[in-house]
Amino acid sequence: MILEDYDENKEAIINPSDLNEKVEGFPKTVVTCFARTTFKRMLSEFPHRQIAQLSVANLAIPFYELDFKGHKLGFFNSYVGSSGCVAVLEDVIAMGAENLLVFGTCGVLDKTIEETSLILPTSAIRDEGTSYHYLPASDDIAVNTDYLPAFRAFLERLQVSYREGKVWTTDGIYRETLDKMAKRKAAGAIAVDMECSAIAALAAFRNINHVQFFYSADNLDSEKWDARTLADDADLEQKDKIAYLAFEFAIETFEKGR
């Protein structure tokens with residue numbers, strides 16, 4: 001398979017530093033989410049200023065410094081899909097980010113997981129193409145290894161329920177067949193997303209700190225797909241609470257005592 005042709009050379013023909021310069025005062029800790037409504041609601045709630053502009057070919061992505069309880073965090077609306085998401089994160093790292101916290105929705109492969117429930121991935125099945133350019137080929141990749149104990153303690157202290165386990169990362173969103181879903185579920189996956197394994201591979205390759213977590217949206221553990229709270233404007237109050245948790249954990253983990 002061509003995806004087994006991994007090249008460990010750190011230098012590529014085009015590198016993030018060829019297109020991006022270090023930005024003085026760039027936030028060391030960056031939080032990013034995928035849901036545009038949640039992103040806009042957080043911007044409307046907290047003081048912020050635009051300090052950079054990211055891009056993917058035909059789309060400009062504004063990057064903000066956001067003030068959360070006196071802490072300056074980087075904040076932007078992440079691109080959906082492994083390839084574009086990782087390309088933008090490469091630019092963010094090149095500009096000066098050292099710590100990444102990424103959160104967003106996922107589909108569940110276990111219908112007993114309730115809507116808008118927190119899910120902490122412990123590993124991700126690599127059913128996308130991007131991660132294979134950052135790490136040698138393997139079926140899956142560990143996620144959140146350095147931060148799971150701290151995240152568990154954080155959520156338990158706040159009495160927030162959660163599930164943890166393996167996720168299935170795929171970039172073929174319209175090819176999530178019943179047979180594939182059953183195989184991934186049999187392999188231990190409790191949820192499906194589009195970026196997790198690729199982000200974990202990027203973080204390992206670039207040697208940066210990173211945390212990922214999800215909140216459950218649609219249900220695939222059924223003969224018929226159930227969208228549940230997948231829509232951006234569904235269950236906004238709970239999604240806002242999840243965003244606050246992301247900011248709080250980022251500060252507690254990466255900023256305090258720095």
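Among Val86, Val31, which is touching a residue at least 60 places away in the same chain (Cβ under 8 Å), in contact with a Gly (Cβ under 9 Å, 6 or more places away or on another chain), surrounded by 21 or more Cβ atoms within 10 Å (Cβ to Cβ) and not small (Gly, Ala, Ser)?
Details: Val86 fails: in contact with a Gly (Cβ under 9 Å, 6 or more places away or on another chain).
That would be Val31, the only listed residue that is touching a residue at least 60 places away in the same chain (Cβ under 8 Å), in contact with a Gly (Cβ under 9 Å, 6 or more places away or on another chain), surrounded by 21 or more Cβ atoms within 10 Å (Cβ to Cβ) and not small (Gly, Ala, Ser).
Just to be sure I understand, how many residues within region 110-127 are over 24 Å from Thr37 (Cα atoms), surrounded by fewer than 24 Cβ atoms within 10 Å (Cβ to Cβ) and either in contact with a helix residue (DSSP H, G or I) (Cβ under 9 Å, 6 or more places away or on another chain) or among the small types (Gly, Ala, Ser) (or both)?
Kept after step one, since they are over 24 Å from Thr37 (Cα atoms), are these residues of region 110-127: 110-112, 122-127.
After this cut, where a residue has to be surrounded by fewer than 24 Cβ atoms within 10 Å (Cβ to Cβ) as well, the list is 110-112, 122-123, 125, 127.
Cutting the leftovers down to either in contact with a helix residue (DSSP H, G or I) (Cβ under 9 Å, 6 or more places away or on another chain) or among the small types (Gly, Ala, Ser) (or both) gives us 110, 122-123, 125, 127.
Qualifying residue count for the region: 5.
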If you go through region 38-55 one residue at a time, do you hit one that is out of contact with any strand residue (DSSP E or B) (no Cβ under 7 Å at 6 or more places or on another chain), surrounded by 10 or more Cβ atoms within 10 Å (Cβ to Cβ), without any contact (Cβ under 8 Å) to a residue 40 or more places away in the chain and within 24 Å of Ser83 (Cβ to Cβ)? no
Pick out, from region 166-258, the helices (runs of 4 or more DSSP H) lying fully within it that include 1 or more residues that are touching a Pro at 6+ places or on another chain (Cβ under 7 Å) and on the phi < 0 side of the Ramachandran plot. 196-206
Out of Thr116, Thr105, Thr112, Thr130, which single residue is under 20 Å from Ile208 (Cβ atoms) and polar (S, T, N, Q)? Thr130
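Got at least one residue in region 142-158 being of a type in the set (Phe, Trp, Tyr) and over 13 Å from Gln212 (Cα atoms)? Break it down stepwise before answering.
Of all residues in region 142-158, those of a type in the set (Phe, Trp, Tyr) come to 147, 151, 154.
Filter again for over 13 Å from Gln212 (Cα atoms), leaving 154.
Yes, region 142-158 contains a residue that is of a type in the set (Phe, Trp, Tyr) and over 13 Å from Gln212 (Cα atoms).
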Looking only at region 215-246, how many residues end up being in contact with a helix residue (DSSP H, G or I) (Cβ under 6 Å, 6 or more places away or on another chain) and modelled with pLDDT under 85? 2
Counting only residues that are outside any strand (DSSP E or B) and either of a type outside the set (Phe, Trp, Tyr) or in contact with a Lys or Arg (Cβ under 8 Å, 6 or more places away or on another chain) (or both), region 95-137 contains a total of 22
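The values are calculated or read from the model by the stated rules, or taken from the named source; none is laboratory data. The model shown is predicted, which means the values in this text are computed figures rather than measured ones. Note that we place each Cβ from the backbone using ideal geometry, even for glycine, and neighbour counts take in every protein chain shown.
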